[in-house]
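Here the structure comes first, spelled out in C-alpha cells, and everything after it is commentary.
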Amino acid sequence: MSEWVTRAGGGVLWIASVIIGAVPVVFRAELAVIGGSFTILGLVFAALVGACGLVALARPGYALCVGPLGVLFSLLSMIGALGGLFVGMFLGILGGLAVTVSGGLQRSESDSDPA
C-alpha cells in the first residue's frame, strides 16, 4: 500500500516543481527588480524539487532520503521563486511529507516481516 503513496507523493512533488519553476519565468520582469540571481536560484530549486519527485517515482526505496529533501527545497524555493506563489511550495511540502511517511511505512513493514 505504501508504494503507491510514494509514487503519488513523487507526482505531487513533480507538479510542484512545474509551478515553482513557472513563477520565475512568468514574472521575470518583476523579479528582475529584486535581482536576476534570485530568478536563477528559483529555477534551480524548482529543478531540485522535480528531481526529488522523479526519484520518488522511479525508486520508491529511496523515499526516506528524497522526501525530506523535497520539503527542504520546496521551502527554499521561497528565496528565488516566491514558493511558486505559495501554491508550489505547499504542494511540495505535501508531496515530500507523503513520500517521507510512506518511506517510513515501507521500512517498518520490512522490519516486522520475519521472512
Is region 34-42 home to any residue that is surrounded by fewer than 19 Cβ atoms within 10 Å (Cβ to Cβ), closer than 26 Å to Ser108 by Cβ, in contact with a helix residue (DSSP H, G or I) (Cβ under 9 Å, 6 or more places away or on another chain) and among the aromatic types (Phe, Trp, Tyr)?
-> no
Working carefully through the options Ala63, Ala47, find the one that is aliphatic (A, V, I, L, M), surrounded by fewer than 16 Cβ atoms within 10 Å (Cβ to Cβ) and assigned to a helix (DSSP H, G or I).
-> Ala47
Do you know which residues across region 7-33 are part of a helix (DSSP H, G or I), surrounded by 14 or more Cβ atoms within 10 Å (Cβ to Cβ) and modelled with pLDDT under 90?
-> Val23, Pro24, Leu31
Answer yes or no as to whether Leu54 is at pLDDT 85 or above, part of a helix (DSSP H, G or I) and surrounded by fewer than 18 Cβ atoms within 10 Å (Cβ to Cβ).
-> yes
Test Gly103 against the stated conditions and say whether it is modelled with pLDDT under 95 and either at negative phi or of a type outside the set (Lys, Arg) (or both).
-> yes
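The values are calculated or read from the model by the stated rules, or taken from the named source; none is laboratory data. Since the structure is predicted, the reported quantities are computational estimates derived from the model, not experimental observations. Note that we place each Cβ from the backbone using ideal geometry, even for glycine, and neighbour counts take in every protein chain shown.
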